[in-house]
1. Tell me yes or no: at least one residue of the stretch B:83-94 is surrounded by fewer than 24 Cβ atoms within 10 Å (Cβ to Cβ), facing chain A (nearest Cβ under 7 Å) and part of a helix (DSSP H, G or I).
2. Which numbered condition trips up A:Phe52, out of (1) more than 14 Å from the chain's Cα centre (by Cα); (2) more than 7 Å from every other protein chain (Cβ to nearest Cβ); (3) not aliphatic (A, V, I, L, M)?
3. Residue by residue through the stretch A:34-48, note down the ones that are surrounded by fewer than 17 Cβ atoms within 10 Å (Cβ to Cβ) and of a type outside the set (Val, Ile, Thr).
4. A:Ala163: farther than 25 Å from B:Ala198 by Cα, assigned to a helix (DSSP H, G or I) and at pLDDT below 95, yes or no?
5. Conditions: (1) surrounded by fewer than 16 Cβ atoms within 10 Å (Cβ to Cβ); (2) at the interface with chain A (Cβ under 7 Å from one of its Cβ atoms); (3) among the charged types (D, E, K, R). B:Lys184 meets all but one. Number of the miss?
6. So A:Ala100 passes all but one of these: (1) over 30 Å from B:Ala143 (Cβ atoms); (2) among the small types (Gly, Ala, Ser); (3) buried (at least 24 other Cβ atoms within 10 Å of the Cβ); (4) more than 7 Å from chain B (Cβ to nearest Cβ). Which condition number does it fail?
7. In the list A:Thr67, A:Thr44, A:Thr90, which residue meets the criterion of being at pLDDT 90 or above and under 13 Å from B:Gly142 (Cβ atoms)?
Amino acid sequence: MRDDSPIGGFILTALFVSVVAVGGVNAVLPELHRQVVDINHWLTDKQFADMFAIANASPGPNMLIITLIGWSLGGFYGAIVSTLALCTPTCALTYLVAQAWEKFKDAPWRIAVQAGLVPVTVGLIAASAYLLARAADHSMMAYAMTAATAGISYFTRINPLWAMAAAAALGHAGLV
Amino acid sequence: MKDGGRGNGFRFRKARAHAPHPTVLERKPGGFIISKMSDSTVETLEQTSVPTLPEIFLGFLGIALSGFGGVMPWAQRMLVEKKKWLTPEKFAEDVALAQFLPGPNIVNLSIVVGSRWRGALGSLVACIGLIGAPVALMMILGALYARYGDAAWLSGPLAGLSASAAGLVIAMAAKLAAPLFRGKRIMAISFAILSFIAVGFLRVPLYWVLFVFGPLSVAAFWWRLR
């Protein structure tokens, strides 16, 4: 599948990753890494890790690592087309499903589906919270930052961005 | 008819300046929509309103620009707590739908709520609000990275940010789980705990949980609703 310009191949990868990303980005990151670094050698391991860090540290969906990789492989248009490949097909599908979903909003089966899916989603988000904390927390300070942000966000009306800014500053100072 | 669910005296005040002030409550699956919030006696009910297109855009832009290390907790904060466009229950339902469809969850969520509020245009505006600015930022950062070729210095701040972001997701999970526990909904709590253990501790692949526990849970609720 390789040709001279890697961007065409990467757009297919972005499309693939988007469509298999049921349940969120974290589920497909290993696959993205495998495609981009191991199989096609579009980026080195360090470049991939750097881009993952940039996408995580800047605001917006972390999935936009796709935009960043698209930029590095194909410049401006590479970034745009990769992002469109990431979003357009799944957005169209979601839109169609959302329309049908509203249309049947009083149907008994729809109420059952909704009632059934919510608990599973709650469990999955709790699991991803647990896994994120386990991946991030390697020091007492990190545990404290996690707990402080969770507490502020759950119990108070203070904007958690303050906690995140403090955590980033402490991290920069090498304390996390 | 189609506009029925979108009725809101505030948001349409120009178009409906001469309309009578309805105080009728509309029953929605996720709570109540108050057609006209003029009466202090309705305070005890969940109040939601339907945003205009510019409001949708700015709302999702705000979500995107706050979303360091993960966006979904910020969607909850903006849509449910600050703007009160969705009840907590409705938010949980929409996130569930977004999660079970392919693609980035937060982008799916923008499509789902945007389409309910303002149709196709609402979806488009919500989605562009959500990813427009971050995409532009990504390209700027991409250019800087291409020039300087190193982001290793980010590892320090990112360590702190990741720890903090995990806390946000914990709080979000607690907020989503709270209604299940308050309502003592044993079956829902059981499925939530099973999914949590399967993915969190047993490391079962996500799609297994989605496509095995999802249908099982739906079947259980269906059986009970009948």
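1. Yes, some residue in the stretch B:83-94 is surrounded by fewer than 24 Cβ atoms within 10 Å (Cβ to Cβ), facing chain A (nearest Cβ under 7 Å) and part of a helix (DSSP H, G or I).
2. (1)
3. Once the filter is applied, which keeps residues that are surrounded by fewer than 17 Cβ atoms within 10 Å (Cβ to Cβ) and of a type outside the set (Val, Ile, Thr), the stretch A:34-48 yields A:Arg34, A:Asp38, A:Asn40, A:His41, A:Asp45, A:Lys46.
4. yes
5. Status for B:Lys184: all satisfied but (2).
6. Every condition holds for A:Ala100 apart from (3).
7. Only one candidate qualifies: A:Thr67.
The values are calculated or read from the model by the stated rules, or taken from the named source; none is laboratory data. Note that the coordinates shown come from a computational prediction; the quantities given were computed from them, not determined experimentally. FYI the Cβ positions are ideal-geometry reconstructions off the backbone, even for glycines, and counts take in every protein chain you see.
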